[in-house]
1. Please figure out what share of the DSSP beta bridges in the chain is antiparallel and state it in percent, rounded to the nearest 5.
2. To the nearest µm²/s, what D does Stokes-Einstein give for the chain at 4 °C and 1.567 mPa s, using the Kirkwood radius over alpha carbon pairs as Rh?
3. Tell me, what HN-Hα J-couplings in whole Hz come from the Karplus equation 6.51 cos²θ - 1.76 cosθ + 1.60 at θ = phi - 60° for each residue of segment 4-13, using x for Gly and Pro?
4. Ser21's amide H: which non-local residues (gap 5+, or another chain) put their own amide H closer than 5 Å, with H modeled 1.01 Å from N in plane and none for Pro or chain starts?
5. Among Asp57, Asp106, which comes first, then next, by fewest other beta-carbon atoms within 10 Å?
6. Ranked from highest to lowest mean number of other Cβ atoms within 10 Å per residue, what is the order of the peptides 32-45, 58-71, 141-154?
7. Take the cross-link list Lys27/Lys125; Lys125/Lys164; Lys55/Lys125; Lys66/Lys121; Lys121/Lys164 and give me the ones stretching past 30 Å between alpha-carbons.
8. Find the relative contact order for segment 3-190 and round it to a whole percent, using C-alpha pairs within less than 8 Å whose residues are 6+ positions apart.
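Only the coordinates and a few stated rules stand behind these numbers; no lab work does. None of the values given here were measured: they were computed from a predicted structure. Here Cβ is always computed from backbone atoms with ideal geometry, including for glycine, and neighbour counts include all displayed protein chains.
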Amino acid sequence: MYIQNVFHSNTGISQYRIEESYSPDAKVYTLYGQNELYEDLYGVPGAMSDRKQIKVDGMGPGAIAKEGDLLFSTISGEATIVSAEHDGYVFTQNYARMEPMSRLVDRKYMAYLINENQSIKRQFKQNLQGSQVIRYSLKLLKEIALPELPSIEIQRVIGDIYFKQLLLRSLRERVAENTYRLSIAMLQGVE
């Protein structure tokens with residue numbers, strides 16, 4: 001079984017097809033990027049100052065991320081679930097939205113498989129060899145063979161634990177960094 005047998009996948013809008021508007025009625029959209037992907041994956045918000053925004057007259061719904069969407073980055077080869085904070089962001093052709101064709105597939109579990117399964121990593125690596133610029137195509141994503149999927153209940157448990165572990169790891173790293181900075185500040189105060 002391949003990803004194309006389980007998911008309908010489509011990439012976002014081409015950045016070159018987005019026409020900026022100067023109309024007072026135009027709506028401002030924020031672009032979904034790698035920072036947003038990492039925030040959604042690790043559960044820790046980043047700086048709001050580096051968000052890319054664009055003002056357009058209209059945006060088709062096919063390129064607007066919704067909370068709970070499974071997005072795959074064609075840049076990093078990683079998948080995540082869109083959080084409430086990034087609901088309504090516009091995703092470009094650098095991302096593919098993966099919609100399950102069945103209720104027997106959990107999105108969080110699929111993100112776990114794409115990000116952590118060694119067989120899937122090996123398949124990506126084999127098909128990227130010899131490439132000057134590493135980029136994961138939608139075609140490559142669709143042709144990835146999946147291992148046998150456990151029951152939906154087990155998928156949900158694994159997917160939930162996976163995202164909670166990523167958040168826990170991220171928070172621990174943040175505590176370690178803040179403890180280090182506090183120690184350095186205290187040492188500099190002693191000088």
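1. DSSP beta bridges in the chain are roughly 85 percent antiparallel.
2. 70
3. Residue by residue, segment 4-13 yields 5, 7, 10, 10, 8, 10, 9, 7, x, 7 Hz.
4. The answer is Lys55, Val56, Asp57.
5. Details: Asp57 12, Asp106 23.
Fewest-to-most ranking of Asp57, Asp106: Asp57, Asp106.
6. Highest to lowest by the protection proxy: 32-45, 58-71, 141-154.
7. As for pairs spanning more than 30 Å Cα to Cα, those are Lys27/Lys125; Lys55/Lys125.
8. In percent, rounded to a whole number, it is 26.
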